[in-house]
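Read through the structure below, which is laid out as structure tokens, and then see the notes.
The values are calculated or read from the model by the stated rules, or taken from the named source; none is laboratory data. Everything numeric in this text was worked out from a predicted model, so none of it was measured. Counting neighbours? That spans all protein chains shown, and the Cβs are built from the backbone with ideal geometry, glycine included. Accessible surface areas use protein heavy atoms only, side chains included; no ligands, DNA or RNA. Shrake-Rupley method; radii C 1.70, N 1.55, O 1.52, S 1.80 Å.
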Amino acid sequence: MAKRVRTTRTGISDVAARAGVSLATVSRVMNGNQTVDAQIAERVRIAASELKYQPNPTGRNLARGKTDTIGVVVPDLGNPTFQGVLRGVSRAAAQDGYRVLIADSSEVSSEEAILAGEARRRCDGVVLCAPRMGAAELEELAPSLHPLVLVNRATNATGSPSVIVDYGRGIQDLAAHLVGLGHTRLAYVAGPASSSSHRLRLAGLDAFKASHSGIEVQVFSNGSTFEDGHSSAGDVLASGATGIMAFNDLTAMGLLSAMNERGIRVPEDLSVTGFDDIPFARYTTPPLTTATVPIQDVGEQAWAQMKELLNRAPNAAAEAGEPASTTFTPTLTVRGSTAPPPGKG
């Protein structure tokens, strides 16, 4: 029976002994500390080379107070929109040598602060994506998470930039499209009440109604999933509305499915729009008219802002002034799910 040979990994103490210096001196040299005398630093590097010593990256990062990882907290990882944000963040971060730790709060706002705090303890910074927590809690929490970047929320906390989609403008464009087709009775199948983007949509609809006095817009409480859209069919049909704006593409798809089950033709009997333009939107039957959000660009911009924060001097946040904000405007994408209302084609 072959005898297993145990190999001993060269450690920092071996380097210190070979160079005739303390463990702390080796640590400082390995971490790039420039305060070590040049001759001593060279002696340490020669000893490390002769022993083929490789610093442990985890230990080195802990010593530097740096993990080369950022945390991203999302409300629903099953939503393709948040998957798109994550894809944008992670791909852009990877190009700069950073990894991404993901936390899903499952639409439970009380979990967000806990998850964000845990992520910050393990990572160099946190991206909070569409947080559902209230404004007061966000303002209180933000300073403890710095460096912090917000997606689809904003805060007055010093040095916490945000990336925002103009959902209000997007839903006004969808409403204008339906009215342009001849629809006068519209309905909005709403998203989660805690969603900031839902509130922006509501504000956009209020502005639209103020400038279109002859147009009726009904709002139905709902959610953000396929199942939520499917369950809204009864309310939509009872309303008599002919132009329907769903909170997002997932709920629009659920509504399309329910209408097909009931024998309601889209768009001949009812026009349906979504929001976001997730990859599946163009493959529904009929293809979905929607407001296209460059969601991967949103994620890339979130990383760009995080990278800027990470590269700042430690005290720069206090001198940064107003936090930066980048806004993306959705574009109307017309497909086969919208048409003039019955009798006006």
- Taking 7 Å along the Cα-to-C-beta vector as the label spot, tell me the Ala238-Ala210 distance in nanometres, rounded to one decimal. 3.1
- Message: With a 1.4 Å probe and all protein chains kept in place, how much accessible area does Phe226 have, in Å² rounded to the nearest 10?
- Response: 80
- Message: Largest first and in whole Å, what are the equivalent-ellipsoid semi-axes of the chain based on the Cα gyration tensor, each being the root of 5 times an eigenvalue?
- Response: 54, 22, 15
- Query: How much accessible surface area, in Å² rounded to 10, belongs to the heavy atoms of Thr329 with a 1.4 Å probe?
  - Reply: 80
- Message: 7 Å from Cα along Cα→Cβ at both Arg282 and Ser106: what's the point-to-point distance in nm?
- Response: 3.5
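Just reorder Asp249, Asp37, Asp166, Asp277 by solvent-accessible area, largest first, 1.4 Å probe, all chains present.
Asp37, Asp166, Asp277, Asp249
In whole Å, what three semi-axes, largest first, describe the equivalent ellipsoid of region 189-315 built from its Cα gyration tensor (square root of 5 times each eigenvalue)?
Values: eigenvalues 210, 66, 32 Å².
Semi-axes (√(5λ), whole Å): 32, 18, 13.
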- Helix 196-211 axis, angle to the chain major axis (alpha carbon atoms, nearest 10°): 30
- Query: Do the sum for the chain: with -39,500 (n - 2.57) for every DSSP H run of n ≥ 4, divided by all residues, what is the mean residue ellipticity at 222 nm, to the nearest 500 deg cm²/dmol?
  - Reply: -13500 deg cm²/dmol
- Cα long-axis angle, helix 249-261 against the chain (0 to 90 degrees, to the nearest 10): 40
- Tell me, what is the per residue accessible area of the chain in Å², probe radius 1.4 Å? 48
- Determine the dipole magnitude for region 193-287: charges of +1 sit on the beta-carbon of Lys and Arg, -1 on that of Asp and Glu, nothing else is charged, the reference point is the Cα centre, and the result goes in debye to the nearest 20. 140
- Note on the structure: In nm², the average projected area of the convex hull spanned by the Cα atoms of region 244-285 is 2.6
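What order do you get for 38-47, 69-78, 209-218, 173-182 when each peptide is scored by the mean count of other beta carbon atoms within 10 Å, highest first? Walk me through the numbers before you get to the answer.
Values: 38-47: 15.7, 69-78: 22.3, 209-218: 12.2, 173-182: 19.4.
Final packing ranking: 69-78, 173-182, 38-47, 209-218.
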- Query: Once you put a point 7 Å from the Cα of Glu308 and another 7 Å from the Cα of Arg199, both along the Cβ direction, what distance in nm separates them?
  - Reply: 2.5
- Message: Once neighbouring chains are kept in place and the probe is 1.4 Å, which whole percent of the accessible area of the chain is contributed by carbon and sulfur?
- Response: 51
- In region 195-343 the DSSP beta bridges are antiparallel at a rate, in percent to nearest 5, of 40
- Note on the structure: Helix 135-145 sits off the longest principal axis of the Cα atoms of the chain, rounded to the nearest 10 on a 0 to 90 degree scale, by 20
- Contact order relative to length for the chain, counting C-alpha pairs under 8 Å separated by 6 or more residues, stands in percent at 17
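Calculated FRET efficiency, Ser144 and Leu23, Cβ-Cβ r, R0 45 Å, to nearest 0.05?
Details: r = 33 Å, r/R0 = 0.73.
After rounding to 0.05, the efficiency reads 0.85.
Hand me the tally of lysine pairs in the chain: alpha carbons under 30 angstrom apart, and the pair either on different chains or 8 or more positions apart. Walk me through the intermediate numbers first.
Numbers: Lys3/Lys52; Lys52/Lys66; Lys66/Lys307; Lys209/Lys344.
Taking the Cα cut-off of 30 Å, the pair count is 4.
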